[in-house]
Amino acid sequence: MGTSTYKSLANLIATISSSVISSSVISLSYDLDILIPKMNHNYSFQNSIADWKDYAFNQSVDYQLQNESIEKLQTIIDFYKKVLQNTKDIDSEFVDIVNVNFWELI
Amino acid sequence: MNLNEIKIYLPKFLSSESERELFDGLKDFPVNIDERLYTTYLNDTKIIYQGDGLNNLLVVNLPKHEIKPAPCIILSNTCDIDLQNKRNFPSQIVYAPIFSLEKYKQTLLKNSEKSKEQIVDHINSIKKQEITQIFYLPKFNGKLEESIVFLDRVNNMPNTLIERDKIASNRIFTLSDYGAYLFLLKLSIHFTRVQDKVERKSIRLL
């Protein structure tokens with residue numbers, strides 16, 4: 001009897017403890033907002049659907065992944081910058097050497 | 001700017017896989033200036049593509065009169081030189097000779113007053129596509145050694161003189177989507193950059 005009473009009390013304490021823990025407010029060390037995908041949603045309604053076959057394979061106008069566009073645009077801008085940032089002209093002495101030795105260089 | 005607007009500036013008709021490859025290529029530049037500039041996907045076609053390397057095109061180095069066959073890269077737009085497109089005013093095919101980078105380097109070392117370090121720096125700049133007048137062609141195994149094209153040494157000839165039935169055997173390389181994009185960017189920088197630092201005032205009409 002004594003043993004089962006102790007077990008029951010222990011179970012009760014454990015149950016109360018867990019309920020206290022589960023109702024506690026925990027402060028997270030990171031910002032949850034950055035985990036939420038950023039998307040643009042625009043929903044339009046078409047009055048006529050008779051010509052739906054003409055447009056069935058077009059990209060949907062009412063759904064865009066903004067991040068995908070920005071990433072691709074940024075990729076192109078970065079590529080242009082990388083090509084342009086170190087551009088330099090050829091030395092005029094080298095041009096003269098090519099003119100004189102044109103056919104030997106091919 | 002949305003995705004559709006961006007796509008205006010990209011090569012057309014790309015599959016999603018090819019588009020992903022193109023963007024991967026643009027992202028990885030300049031550590032991917034290698035065989036990824038080329039494709040074997042179009043080897044067996046009878047079309048001449050912009051950026052193709054072809055053997056035995058006639059080249060002249062004016063004002064000298066000598067004309068010789070040489071490997072060349074095509075500068076013309078693919079559509080302009082496609083024989084399927086009937087035109088009232090057919091375009092000439094425009095191209096530039098391909099030079100050996102190794103021969104160029106050795107010739108500079110032999111003839112230039114610059115130091116060896118300066119010449120090696122210049123060659124490294126070429127390999128990083130930094131010289132505006134030069135398009136660098138990396139080695140293409142079994143097809144092409146490291147080469148260069150001077151974008152200001154352009155030639156032309158009648159488009160119809162190049163036999164399309166023999167193109168597959170005459171072609172040295174075709175540029176990949178990424179390679180073609182890089183080629184077009186360098187062509188545009190060389191020929192059409194707007195910021196040439198020249199102020200041009202209009203004639204005033206009285």
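The values are calculated or read from the model by the stated rules, or taken from the named source; none is laboratory data. Because the structure is predicted, anything quoted here is derived from the model rather than measured. Positions of Cβ are generated from backbone atoms using ideal geometry, with glycine treated the same way; all protein chains shown enter the neighbour counts. Heavy atoms of the whole protein, side chains included, go into the accessibility calculation; ligands, DNA and RNA do not. Shrake-Rupley method; radii C 1.70, N 1.55, O 1.52, S 1.80 Å.
Residue by residue along A:94-104, Cβ atoms of other protein chains within 10 Å of the local Cβ number 6 on average. Could you look at the range B:48-182 and say what percent of its accessible area is carbon and sulfur, using a 1.4 Å probe and all protein chains? For the range B:48-182, the apolar C and S fraction of the accessible surface comes to 49 percent.
Beyond a 24 Å Cα-Cα separation, which of these cross-linked pairs lie in this structure: B:Lys46/B:Lys127; B:Lys68/B:Lys114; A:Lys82/B:Lys116; A:Lys88/B:Lys27; B:Lys46/B:Lys86; B:Lys46/B:Lys143? Checking Cα-Cα distances, B:Lys46/B:Lys127; B:Lys68/B:Lys114; A:Lys82/B:Lys116 exceed 24 Å. Residue by residue along A:80-92, Cβ atoms of other protein chains within 10 Å of the local Cβ number 5 on average.
As a test of understanding, state the convex hull volume per residue of the range B:94-148 from its alpha carbons, in Å³. Please report the intermediate quantities before stating the final value.
Working: hull volume 5.3 nm³, N = 55.
Cα convex hull per residue, to the nearest whole number: 96 Å³.
Residues considered: B:Ser112, B:Ser76, B:Ser169. Largest GNM mean-square fluctuation over chain B, using C-alpha springs under 10 Å, is found at B:Ser112. Averaged over the residues of B:19-32, the number of partner chain Cβ atoms lying within 10 Å of the residue Cβ comes to 3. Assuming charge only on the beta carbon of Lys and Arg (+1) and of Asp and Glu (-1), the dipole of chain B about its Cα centre is about 700 debye to the nearest 20. The label point for B:Glu66 and the one for A:Asp78, both projected 7 Å from the Cα toward the Cβ, are 4.8 nm apart. What number comes out for accessible area per residue over chain B if the probe is 1.4 Å? Units Å², please. That works out to 60 Å² per residue.
Per residue, the average separation of C-alpha pairs within less than 8 Å and at least 6 apart gives the range B:49-206 a relative contact order of 26 percent.
Rounded, prolate or oblate, given the Cα gyration tensor of chain B, with a/c below 1.5 counting as rounded? Verdict is rounded for chain B. Projected onto its three principal axes, the C-alpha set of the range B:133-205 covers 57, 29, 22 Å, listed from the longest axis down. Considering only B:Phe140, B:Val198, B:Leu109, the residue lying farthest towards the positive end of the dipole of the range B:80-206 is B:Val198, judged by Cα position with unit charges set on Cβ.
Interface burial in the range B:73-122 reaches 30 Å² or more for B:Phe99, B:Lys103, B:Tyr104, B:Thr107, B:Leu108, B:Asn111, B:Lys114, B:His122, comparing the full protein assembly with the chain by itself; accessible area from heavy atoms with a 1.4 Å probe.
For the chain pair B and A, buried accessible area totals roughly 3900 Å², probe 1.4 Å, rounded to the nearest 100. Taken about its Cα centre, the range B:92-206 carries a charge dipole of roughly 220 debye when the Cβ of each Lys and Arg holds +1 and the Cβ of each Asp and Glu holds -1.
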